[in-house]
Amino acid sequence: MGKVYFLALCMLVTNAVKGQNENVIIGEIRSSLLRPFLYPNIDTNNCVYDLKTAIEPKQNEFIIIEEATCINNHRQWYVVLFDDKIYYSEKFYYQNQESINKKIESIKKRIPSVEERIEIAITENLNRIEKRVDDQNQENKRVQNRIDSINKEIDKSLQAFREKNLVLWEWSWSYPEYSSFVDVDITIINPYKKKIKYIWFSFKAFNPVDDPVRDGFNGAVIKTVKGVGPIEYSKTGTYEFENVFYSKVIEKMRVSSIKIQFFDGTIKTITNPVEINRQGD
C-alpha cells in the first residue's frame, strides 16, 4: 500500500468519525423527479453508449470519482460509484457542478491514482450503507416500541371491555325506501382471548308510545339473527342483516341480548348489551 494511499485511508476514517470526508465527493441530483441513467461503458472518443446496458437507480445522490469528456462533441460525464461498480453518468443531472469539478481536481492532486480513489470511495460507500442500516434499525426499534406501547393500551382497554362484557361496538337500524322491513347493521369487537365462531343477536322493536311491536309475519316480539365468524381476539366483525322486522310502526329498536359461541364450544350470553361507540336508536 502506497504512503499517499495509506494517509488517504487514515483521513477517510478520521473524517468519517467527524461526519465528513474530504476525499469523497457526493453528487446530488438536481431534482427528485430526475433519475440519471448510468452506463457501464461509453466510447469517450465518439460518445457512443448502449442504452440497453443503462440502469436507472432510484436514489438522489452518488459518489463521484472523476470527470470524463467525449472528445468529438464535448459531452460531459461523471464517473460514479454505484453498488461498488463504476458507471458513467451525465453531468447534466447534478447540482453544483462547478464545486464538484474543483473538488475532483483537489482530490486528484492528493491521490493521483484512480484505483486508490475508487477503493476510498468503496470504503465510504460501505460506511454510508452501514450508517443507513443502523439508522433504519434504530427507526424500526422506535416504531416497534411504539407499537408495543399501543398494543399494551389496547390490551388494557380490551381487559376493561372483557370484565364488563362490552362487545357491541356500534349498530343502527333503518327502513329501506318504500319498505316496511327493517334492516340492521351491527359491529362487534372480540375482547375475549379466544376466537368467536358464531354470534346471535336478538332485537326488540317499539312503537311511538314505547310498547313492544310484534313482527307482522310471525307475531314474534323478539327477532334473532345469526352471524358467522371467525372473529379473532381484538378484532371486529361487521354484519348487515336485511328484513329483520316487518312493521310500519317501529319507532325504536333495542338489542336485547347477544349470544356468543367460541371455537372451544363454550357459550357466553350477554343481556341488555351496552353499546361502546354510540347509543343506538
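Counting only DSSP beta bridges with both residues in segment 168-271, what percent are antiparallel, rounded to the nearest 5? If you can, show how the numbers build up before the last one.
Working: 38 of 38 bridges.
Counting DSSP beta bridges with both partners in segment 168-271, the antiparallel share is about 100 percent.
Can you give me the long-range amide H partners of I25? Hydrogens built in the peptide plane at 1.01 Å from N, cutoff under 5 Å, separation of 5 or more residues or another chain.
I64
Taking the alpha-carbon distance from K109 and a cut-off under 20 Å, which aspartates and glutamates remain once sequence neighbours fewer than 8 residues away in the same chain are dropped?
E22, E66, E67, E98, E119, E124
Take the alpha carbon atoms of segment 28-64, find their center, do the same for segment 102-150, and report the distance between the two centers in whole angstrom.
21 Å
If I compute Cα extents along the principal axes in Å from the structure I just sent, which labelled value in (i) 98, 42, 32; (ii) 52, 45, 40; (iii) 52, 42, 39 lines up?
Evaluating Cα extents along the principal axes in Å on these atoms matches (i).
Could you go through segment 47-54 in sequence order and give the Karplus-derived ³J(HN,Hα) for each residue, using 6.51 cos²θ - 1.76 cosθ + 1.60 with θ = phi - 60°, rounded to whole Hz, and x for Gly and Pro?
6, 9, 9, 9, 4, 5, 8, 5
Of the chymotrypsin sites (Phe, Trp or Tyr not before Pro) in segment 142-179, which ones lie in a loop per DSSP and count no more than 14 other C-beta atoms within 10 Å?
On the way: sites: F161, W169, W171, W173, Y178; in loops: Y178.
Hits after loop and neighbour filter: Y178.
What's the extension gain from E105 to N45 if we count 0.36 nm per residue and subtract their Cα-Cα distance?
19.4 nm
Using a Förster distance of 35 angstrom, determine the FRET efficiency expected from the C-beta separation of R30 and D148, and round it to 0.05.
On the way: r = 42 Å, r/R0 = 1.20.
Efficiency computed from Cβ-Cβ geometry: 0.25.
Considering the chain as a Gaussian network with a 10 Å cut-off on Cα pairs, which listed residue, K141, K193, K52, attains the greatest mean-square fluctuation?
K52
Please give me, ordered by residue number, the chymotrypsin sites (Phe, Trp or Tyr not before Pro) of segment 204-258 that lie in loop per DSSP and have at most 15 other Cβ atoms within 10 Å. Show your work: numbers first, answer last.
On the way: sites: F206, F217, Y233, Y239, F241, F245, Y246; in loops: F217, Y233.
Here the chymotrypsin sites (Phe, Trp or Tyr not before Pro) that fit, given the DSSP loop and packing criteria, are F217, Y233.
Using θ = phi - 60° and the Karplus curve 6.51 cos²θ - 1.76 cosθ + 1.60, what whole-Hz ³J(HN,Hα) does each residue of segment 96-112 get, with Gly and Pro shown as x?
My calculation for segment 96-112 gives 6, 4, 4, 5, 4, 4, 5, 5, 4, 5, 5, 5, 4, 5, 7, 10, x Hz in order.
Longer than 28 Å from Cα to Cα, which of K156/K197; K193/K252; K195/K248 are they? Say none if no pair is. Intermediate results must be reported in sequence, preceding the final value.
Numbers: K156/K197 24 Å; K193/K252 33 Å; K195/K248 38 Å.
Correct reply: K193/K252; K195/K248.
Putting +1 on Lys and Arg Cβ atoms and -1 on Asp and Glu Cβ atoms, find which of G216, Y93, F82 reaches farthest to the positive end of the dipole of the chain.
With unit charges placed on the Cβ atoms, the residue in question is G216.
Residues of segment 215-246 with amide nitrogen under 13 Å from the 7 Å Cα-to-Cβ point of D185?
238-242
Could you calculate the FRET efficiency of K193 with K52 from 1/(1 + (r/R0)^6), where r is the beta carbon distance between them and R0 is 45 Å, rounded to 0.05?
Values: r = 59 Å, r/R0 = 1.30.
For K193 and K52, the calculated efficiency is 0.15.
Rule-based calculations on the coordinates, nothing more; no lab input. Every value quoted in this text rests on a predicted model; they were computed, and no experiment measured them. Cβ atoms come from the backbone with ideal geometry, glycine included; neighbour counts cover every protein chain shown.
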